[in-house]
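Nothing in this text is a laboratory measurement; each read-out follows from the coordinates by a stated rule. Model, not experiment: these values are computed from the prediction. Please note: Cβ atoms are built from the backbone with ideal geometry, for glycine as well, and neighbour counts cover all protein chains shown.
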């Protein structure tokens, strides 16, 4: 069967993502600003072509390209790249690409191995607007889990590096304390106490300095602050060996934020919308189908993650390991479709 | 070991002095704990995976498969397998008990957290001691500020829909404001929503009924144990130009005795709900006993009939149907026949025929001819030949073995092709837990929005007079995204400080502080808005 234009484009996108991955690897090693920019640009061009490929396939098949595993994997990679480009635009953290790009390439490789023929005739059960809602939200949720996974790997690498160089997170956080802190003799008080601002002082300067140290202003303003380090707009550093990686605190927060975005999307899209659709198509909200069981286990896991974090205060390394394990379950659930049957066997 | 060491992790109520495990509502504390819920979830996850794998690789749907498995497994293990209903664990009692325990855990967790969560959602308490501000991650103290600064900040916060309380006494002024407090109710509502979902699902699985209705057009089927019946009026399969199925649908009529109650078309994704029953277009299959169309070829029988049956594997020996393998001439016509009509035999005036019985997969048993399967393996049709409208003879026509003839007939009817009638497969069920499940889905969705899209920000203020002016303490707290909140709160503090300077300056130059106050209101409002975002 001759390759359709969208599949030709898919291969172009695949090679561009692979090239971008190589650029990001060089960037991670050399921290060269131009290499970082090139990596992002190549990824961006790949993303544009990927968008065209998906749209073309949509037009060719006459239905949203979410009807089989190849289309789902391709869409997942598209969402992951979109998430990275958003982070790059919002936070100027080019280094995140070093960790997102290999995962994107891995997902695209998965997609490349799957049958790519266009399903001209969508089977009757899939002819529903719920296909849109269910699949796209599930893919978005899993895309967010993918970002949490990549950021968690970064967290563990940075933490390992800090251990090797003898710098602790406590010290890193200590550098973020405000100027002119007033010690307060309260048992169990947070270190640092209250920031004192005297009305006769020119506090703006001290706060400018403070915000620069915290390193969050770049994040909020797209890296336009002065002294923002290298030209690639990376983290200005937190006074430790941070180098090109963002601070542990920021990585931990992005990890949590990605899960906090992915969890409701996955819950509503994969579980709730899927259940409603199943009720409309098959007569029962839940039928313990292999894919449903996989989704339920993913949900159980990320529910446990959130409880551990919010109730037990699991953050940092523990949360990073949980995110990595969670995404492993997502991948297992995805690949499980290749061997297991059930109501989702056609995907 | 000390008494409190025995307390289960996650419990909020300590054991008593004697070391006994504490109870709440007469229920052991362990049942309230997160650890209990996680263990139930882990067991559910593991057993679900086991159930899926067993159903996939070692299905036990009939006696043959059960026998195969009994030979594969040691006897005790096989006994345990069957006792635990591992061939379909999701409908086993122990699995439902596990789901019930999960529901219990959710219920107890919701009971424990309901009041504190809702209290925090709608009420905020001020901090009256400035030393407590040191506990908060974002706290500032402004010295020697104007007496108006406190009220100005409070007005600014109120204008931006921050809600809270202000206490004014001779010693100090205190205030606490918050926005997005409803987010605090999200977790408990989510627990309740999931609880309702589990209860609804359990209720449906215990009380609900399931069944499959398979029928061809014209058939009337019983609708469960209700007084209603379902008549299949039509069943259509739409295909595209490549023969792929596009859609299939059934036109059905609900009957109450002889009375037609309603007529409706059922499609995939478009079920019919009637009198508590849900009817879904689930599948379709061939009706092996009815032909939608048949091609019957007519040949003249030549005079020299041979000895019947010898060497012909397609012979059917029945008592009342002697037959022969005829010497045949060239075909004189092909008739597109069906099971309803009566058709003329070309070249044989006065002769007609009609189909009496059809078999897609004919097999002769002691009870007579039956269908061995639904597939078109050995199609055959029993034809009644009429002369001048009166029954004259009966002839069988076989798809795979043509050229069977009756001696008394001057022609042979051959079955060239046949297409069976397609029977619709409608899944019928009752889902008494559906209203609960719908409610649980809606509640959980709302709760997820509250939990993850709305943030709860709290701002505390204390102002105390000192000999050199007033001292203002500012502190903020966010439930999530604390780095972003810290950044925004710092900008807020900077604006407050800037305005404090303006107010002070205004006091020094004896100007009206109104202009500066207006500015602080605007700045405070804007920054509070930023912080909230």
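Calculate the translational D of region A:27-79 in whole µm² s⁻¹ from Stokes-Einstein, where the hydrodynamic radius comes from the Kirkwood formula applied to all Cα pairs, the temperature is 20 °C and the viscosity 1.002 mPa s. Mind showing how you got there, number by number?
Values: Rh = 12.6 Å.
Value of D from the Cα-based Kirkwood radius: 170 µm²/s.
Output the relative contact order of chain B, whole-number percent, from Cα pairs under 8 angstrom with separation of 6+ residues.
19
Whole Å is fine, so just give me how far the alpha carbon centre of region A:70-101 lies from that of region B:103-139. Centre-to-centre (Cα) distance: 37 Å.
Taking the square root of 5 times each eigenvalue of the Cα gyration tensor, what semi-axes in Å does the equivalent ellipsoid of region A:297-341 have, largest first?
On the way: eigenvalues 128, 22, 3 Å².
The answer is 25, 11, 4 Å, longest axis first.
Between residue A:51 and residue B:234, the simple label model (points 7 Å from Cα in the Cβ direction) yields a spacing of 4.6 nm. Based on every Cα atom in region B:47-93, Rg and the maximum pairwise Cα distance Dmax equal 9.9, 26 Å. What would the Debye formula give as log10 I(q)/I(0) at q = 0.12, 0.16 Å⁻¹ for the alpha-carbon point model of region A:1-108, no solvent? Once normalised to I(0) and log-transformed, intensities are -0.40, -0.66. Peptide B:131-140 shows a mean partner chain C-beta count of 6 within 10 Å per residue C-beta.
Across peptide B:51-57, what mean number of C-beta atoms from other chains lies inside 10 Å of a residue's C-beta? Intermediate values should be presented prior to the final figure.
Values: counts 3, 11, 5, 0, 6, 6, 2.
Going residue by residue through B:51-57 and averaging, the value is 5.
Looking only at other chains, what is the average number of their beta-carbon atoms within 10 angstrom of each beta-carbon in B:472-479?
1
Only helices enter this figure: runs of n ≥ 4 DSSP H residues, each worth -39500 (n - 2.57), summed and divided by the residues of chain B, yield -11000 deg cm²/dmol at 222 nm to the nearest 500. The spacing between region B:402-446 and region B:455-474, judged by their C-alpha centroids, is 76 Å. Divided by 2.2 N^0.38 Å, where N counts the residues, the Cα radius of gyration of region B:334-426 comes to 1.13. Counting other Cβ atoms within 10 Å as a rough exposure proxy, the listed residues A:75, A:122 run A:122, A:75 from fewest neighbours to most.
Across all directions, the shadow cast by the convex hull of region B:164-306 built on its C-alpha atoms averages 21.3 square nanometres.
Among A:159, B:505, B:171, which comes first, second and so on when ranked by fewest other beta-carbon atoms within 10 Å? Lowest count first: B:171, B:505, A:159. In terms of overall dimensions, region B:82-135 has a Cα radius of gyration and Dmax of 21.9, 67 angstrom.
Classify region B:374-455: rounded, prolate or oblate, from the alpha-carbon gyration tensor (a ≥ b ≥ c, eigenvalue square roots; a/c under 1.5 rounded; otherwise prolate if a/b is larger than b/c)? Don't skip to the answer; put the middle values down first.
Values: a/c = 7.71, a/b = 4.32, b/c = 1.78.
Prolate shape, in that a/c is at least 1.5 and a/b is the bigger ratio.
Straightening the chain between residue B:80 and residue B:330 buys 83.2 nm, computed as 0.36 nm per residue apart minus the Cα-Cα spacing.
What percentages make up the Cα-Cα pair-distance distribution of chain B when the bins are 10 Å wide from 0? Taking every Cα pair in chain B, the percentages come to 3, 11, 13, 13, 13, 11, 9, 8, 6, 5, 4, 2, 1, 0. Using a Förster distance of 51 angstrom, determine the FRET efficiency expected from the C-beta separation of residue B:122 and residue B:70, and round it to 0.05. It comes out at approximately 0.25.
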